[in-house]
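What follows is calculated from the coordinates using simple rules that are stated; it is not laboratory data. Nothing here was measured: the structure is a model prediction, and the numbers come from that model. Because the Cβ atoms are built from the backbone with ideal geometry, glycine has one as well, and the counts that use them run over all protein chains shown.
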Amino acid sequence: MTTFEAILLTIVTASTPLLIAALGELVTERSGVLNLGVEGMMAMGAACSFAAAVTFDSTLLGVAAGILAGALMAALFALVVLGFAANQVGSGLALTILGLGLAGLIGAPFVGARRDPVPPVDIPVLSDLPVVGRLFFEQDLFVYASIALTIFVAYYLNRTRSGLMLRSIGENHGSAHGLGLPVWRVRFLAILFGGACSGLAGAYLALVYTRFWSPGMTAGRGWIALALVVFAAWRPGWALIGAYIFGAATVLQLHAQAAQFGVPSQVLSAVPYVATILALLLLSIRRGRAIGAPGSLGLPFVPDR
Amino acid sequence: MRFELTPRTSVSPVLRALAPVAAFITAFLIAGFVIWLMGRSPVAAFEVYVTQPLSDSWALQELLVKATPLALIAIGLAYCFRANFWNIGAEGQYVMGAVLGSWLALTTHGTEAGFWVLPAMLALGMVGGAAYGLIPAFLKTRFGVSEILTSLMLVYVAQLTLDYLVRGPWRDPQGFNFPQSVTFDPAATLPPVMEASRVHYGTVFAVIAILVTAVVLGRTLFGYRLRLTGDAPRAAHFAGFSARTTTMAVFAISGGLAGLAGIGEVSGQIGQLQPSISPGYGFTAITVAFLGRLNPIGILVAALVVALTFIGGESAQIMLKLPLDLTQAFQGILLLCVLAADALVSYRVRLVTRGGGK
Amino acid sequence: MQADVSPTGPPLVELRGISKRYGELLANDGIDLRIEPGEIHALLGENGAGKSTLVKILYGVIEPTAGEILWEGRPVSIASPVEARALGIGMVFQHFSLFDELTVAENIAVALSSDWSLATVRSRLGDISRAYGLALEPDRAVWTLSAGERQRIEIVRCLLQNPRLLILDEPTSVLTPQEAEHLFVTLDKLSADGCSILYISHKLEEVRRLCRRATILRGGRVVGAIDPRERSAREIAALMVGNEVGEVRTGTAHAPKGEMLRVTNLTLPPAGLHGQALHGIDLVAHAGEIVGIAGVAGNGQSELFAALSGERPTESADTIAIDGRPCGTAGVDARRRLGAAFVPEERLGHAAAPTHRLSENTLISHAAAEVSRSGFILVNAARRLAGAIVKSFDVRTPEGDPQARKLSGGNLQKFVIGREIIRRPRLLIVDQPTWGVDAGAARLIRQALVDLAREGSAVVVISQDLDELFEVADRMAVIHHGRLSALRPISEWTKEAVGLEMLGVSQSQGAAHAV
């Protein structure tokens, strides 16, 4: 494997958790709910998956625990913002603070433990193709899953009736309620889906990307996933492209740090965050204000009954 | 099954005042449950978290020390949140205030520079925080970029900047390679309020900020402008209040106060720059602001209450081997409970179980 | 034509003793109503009489506090719009339940049961469009459509489900007179096909044109069940309003004096994604006159208001002159200081902050009111001002200084208009002054506008309510697609001419006189 191929491979690995988390949040936001708790749900996913994987020595159980943890956190968020119509921005922030703290508690006994690499799944024949072979057809299962998830979300939103319902509810919850669409139920499920995806992304971080647990290991990836949703103008295909651009930026800055260009490592570490700001900025300049944002995004829903 | 919300026709002031108290008690019960799950005694934890700090004069001073940055930042955030702008990057503004203020302390280090250093440092701290806060404000007003994500991303950038400085150009050459600056000269140190006290003059600034804010928010057109912008942005525009000016103003104020908290903490408390100068004050202050219902006096009380959890968390770590993360988790729960309680003040919530709920 | 009311079978739907209580307010109080198969039944009443609440109960959006619903003689409970549709009830809301960013076909499919695919919707859409003259393009995004076209989507949505009962809530409020006539033809056809129609309105003419039976509501109760063709308009109006509402005394217009407002070639690009552009608008308002601007909603009225008020300043100062002083680039504050006052269309959230007290709401026009001094709020002055407005404009408040949201629509509208009029502005620009306001408040507001003009101020009234403009305006123009027609004396306009202008069929000077 050449260095170039290795870099490409790590880009895929770095992009996958961003993509998974962004897709989950995208569905949540399309239903009209802004969940800023991605970072916290991701941290919980990472901590719980790692704890479960080490305890039971099973990657599968680890992944399940990660997804469950993310979904449970999301359920708590749903209770507060749907049940009590609480402010979504504040509640999402609280979820992040809570998630980071709880993840620290859960992960503390596992600091220092390591997991073996998850073996890649080799797609015969195709993986023998030069360059692209190993890049696209000899990845871990999560990578394939994330691509499948992108296609599924795109298909679900644009081609299914249930997806149409979800989009309508996100666009205008008042009208949707007037037509008798189940605003509350759809949003609850969309929030759970978002949480499960964040949990899965966290599990990927802990079980595949780093293979250990450390506090603060999500390092703002949840926030970058949130920015990706805006960057993607709430479209799954663009989320894929965006995730890979950001993944590439992250990996390249790591390689640049290793190469010791004489640029301080902190400057390179700041690249993903500055890039996020710049991406949001360029997008706004090009497209004007928040085009594509669901009409009811972030607004509390209180039907008169 | 679903929840049914009915807007309350009138809200009694008693209910309004009780809501944060109820939220705090609920959060405490949840935290107690978590501690019990972890196999520790919630009673012992309560003892360490609350009773001990309040019964010990050293701890009481420590309470003021911790409450100072929380109150300063939260009072600034109240300006933003009242106008419905989500500055969640106060942590970054705090750091940048500390960095810019410290720059002067380090530049004048070992010189004969006199009494003017300290006030200039404090002013620079406010300028640094305000300028850093104005970045998301500018991006929002000029280009329509959401302030939520940009202000947060800038926290990471600020922390990396500080990290670079204390490991690189600003590192103390005699510091055995530790990532820290030289210890500030006395002229650059914020003095304690009383001899041999840990409480420094930052606490006085916090009290002044609270009093001034109480007048500004309650009695001035500017305060009304913020409320109107937050509650009915179109009406604010119709009233002739430019949204652009409002945004810039509240971000500058909250950034400036966070920056003041930052330089106050470094110059009055730590005495030098380190890679970490905050246990997350900028984020915790969000909880403080909401727990205090965005009201200056409320914030004063909330800052003291939340500072207690910091001190309690530190002693619980030592005495009960409870990790510090528990404090953070508690603060998250507390914020969720406060926001839910806010909703309970405005709506009557009823759990409806009926087939085919909507 | 309309099927005869058959006394033999049970009525299609019967409401018995329906009540709905919101806290202390009884929105519906023991309402009985019968609708026979195939009839067009009118539900008449003023704003706030409880019509909307009643039909929302029938459509399952709101749960009644008491009472029962019988469908073809059987008691039913309608827990949601889905259940209502399953019974065969379709509803066209006054505020459309549409999704702007979705296409016509998607908007229709989302409201139908799950066995409707987009493809079936498309093909059936064609059939229905032809049968009832409801032309629609399935792939257009809704935000590109006119109000009339949007209403067609709502109607087609219902018709695709072969409804037995179609409910229309104030369907003509957003239509031109010609579009309204087109709708009536569709409704007659539907009725002839056996579909019952519950037609909600407060416009007598329409009801007399369409219906043989009408139920009249007032204050949440049934106050009459009549044949509208057999009663005089005056009689019905008296039932609707209770004590008779007098007419607005217009007095004699003085010869117009100075020019208070001059708009010259006002052209503005659309604001935001779905906004309407303004094209070369010229307008003059003199002291002492009321200038009316008619038009169907969404043709540039709010954009015109924003440009006149200074909420959206123009590029060049000369575009707009108030009292002879160019102020196109000035903001709303500066224009208030020139003696102008403004009342926007939205009461809650634009003219007033819903959660703020009335005294605090006086601060919104602080630039021209004595409620602040050197940046400090004069709390007592604001309270006194609010009290004075409440007193002189007969604003009924639940308590001394309530939050704005606690006032009924009519009372809040009296307050926001009173807040401007009380300081005797020399120019008043008001958008939809009596939208959704009860008859008593509407009369008081119109009278106040007329009185202000007769005292020598210039008043510009932007309104969708043609009757209102014919009642108060001295001169009038019609806005269509961001262009303003010629401004002519009210006596030179007929409703037909206005309708044609609303449709964009511009009339020559001479044709406007023709009936």
Cα gyration tensor, the stretch C:63-142 - rounded (a/c under 1.5), prolate or oblate: prolate
Where labels lie 7 Å past Cα in the beta-carbon direction, separation of residue C:127 and residue C:140 in nm: 2.3 nm
Gap separating the Cα centres of the stretch B:267-332 and the stretch C:48-79, nearest whole Å: 54 Å
Within a Gaussian network of chain B (alpha carbon springs, distance under 10 Å), most fluctuating of B:187, B:249, B:113: B:113
5 angstrom amide H check on residue C:376, placed H, neighbours 5+ away: B:221
Exposure proxy order (Cβ contacts within 10 Å, fewest to most) of C:203, B:66: C:203, B:66
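In peptide C:102-114, how many Cβ atoms from other protein chains are near each Cβ within 10 Å, on average? Don't skip to the end; give the middle numbers.
Working: counts 5, 0, 0, 0, 4, 5, 0, 4, 12, 8, 2, 1, 3.
Per residue, the number of nearby Cβ atoms from other chains is 3 on average.
Report, in deg cm²/dmol and to the nearest 500, the calculated mean residue ellipticity at 222 nm for chain B, where each DSSP H run with n ≥ 4 adds -39500 (n - 2.57) and the sum is divided by the residue count. Don't jump to the answer; show the numbers that get you there.
Numbers: 13 runs with 237 residues, N = 358.
Value at 222 nm, helices only, nearest 500: -22500 deg cm²/dmol.
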Amide H within-cut-off set for residue C:67, under 5 Å, with H built and near neighbours excluded: C:19
Potential extension, residue C:68-residue C:115 segment - 0.36 nm per residue separation minus Cα distance: 13.9 nm
Additional length obtainable on full extension of the chain from residue C:205 to residue C:22, 0.36 nm per residue less Cα span: 62.7 nm
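Partner chain Cβ atoms within 10 Å, averaged over the residues of A:161-168 - can you pull that number for me?
Details: counts 9, 1, 0, 7, 4, 1, 5, 10.
The per-residue average across the peptide is 5.
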Per-residue HN-Hα couplings for the stretch A:2-18 [Karplus 6.51, -1.76, 1.60; θ = phi - 60°; Hz; x = Gly/Pro]: 7, 4, 4, 4, 4, 5, 4, 4, 5, 4, 4, 5, 6, 7, 4, x, 4
Under 29 Å from residue B:321, Cα to Cα: lysines that are on another chain or at least 8 residues apart: B:66
Where labels lie 7 Å past Cα in the beta-carbon direction, separation of residue A:233 and residue C:297 in nm: 2.9 nm
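Counting Lys +1, Arg +1, Asp -1, Glu -1, what net charge surrounds residue B:219 among other residues with beta carbon under 13 Å of its beta carbon? Can you show the working numbers first?
Details: positive: B:225, B:227, C:373; negative: C:360.
With Lys, Arg at +1 and Asp, Glu at -1, the net is +2.
When DSSP assigns beta bridges and you keep just the ones with both residues in chain C, what percent turn out antiparallel, to the nearest 5?
DSSP beta bridges in chain C are roughly 50 percent antiparallel.
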Rg in Å to one decimal, and Dmax rounded to a whole Å, for the stretch B:58-321 via C-alpha atoms: 18.3, 61
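Can you show me the helix-derived [θ] at 222 nm for chain C, built from DSSP H runs with n ≥ 4 at -39,500 (n - 2.57) apiece and divided by the number of residues, rounded to the nearest 500.
On the way: 16 runs with 160 residues, N = 515.
Computed ellipticity for chain C at 222 nm equals -9000 deg cm²/dmol.
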Burial ordering of B:111, C:362, A:28, C:215, fewest other beta-carbon atoms within 10 Å first: B:111, C:215, C:362, A:28
Distance violations [Cα-Cα > 22 Å] among C:189/C:495; C:51/C:391; C:20/C:51; C:20/C:391; C:51/C:406: C:189/C:495; C:51/C:391; C:20/C:391
Förster radius 30 Å - calculated FRET efficiency between residue B:317 and residue A:113 (Cβ-Cβ, nearest 0.05): 0.85
Those aspartates and glutamates that a straight Cα-Cα span of less than 20 Å connects to residue C:257, excepting residues fewer than 8 apart in one chain: C:282, C:289, C:323, C:451, C:455, C:474
Anchor residue B:140: aspartates and glutamates whose Cα lies under 20 Å away (excluding residues fewer than 8 positions away in-chain): B:91, B:231, C:311
Inter-chain shielding of C:449-462 (mean C-beta neighbours from other protein chains, 10 Å cut-off): 0
Extension reserve of the residue B:59-residue B:350 stretch, reckoned as 0.36 nm per residue once the Cα distance is removed: 100.5 nm
Cβ charges +1 (Lys, Arg) and -1 (Asp, Glu), total dipole of the stretch A:3-287, debye: 700 debye
Spatial separation of Cα centroids for the stretch C:315-375 and the stretch A:212-251, in angstrom: 45 Å
Between the stretch C:130-179 and the stretch C:459-509, the alpha-carbon center distance in angstrom: 25 Å
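Taking R0 as 56 Å, what FRET efficiency do you get between residue C:186 and residue B:29 from their Cβ-Cβ distance, rounded to the nearest 0.05? Kindly include the intermediate steps, with their values, before the conclusion.
On the way: r = 62 Å, r/R0 = 1.10.
The formula returns an efficiency of 0.35 here.
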Backbone N under 18 Å from the residue C:423 label point (7 Å along Cα→Cβ), restricted to the stretch C:315-335: C:322-323, C:330-335
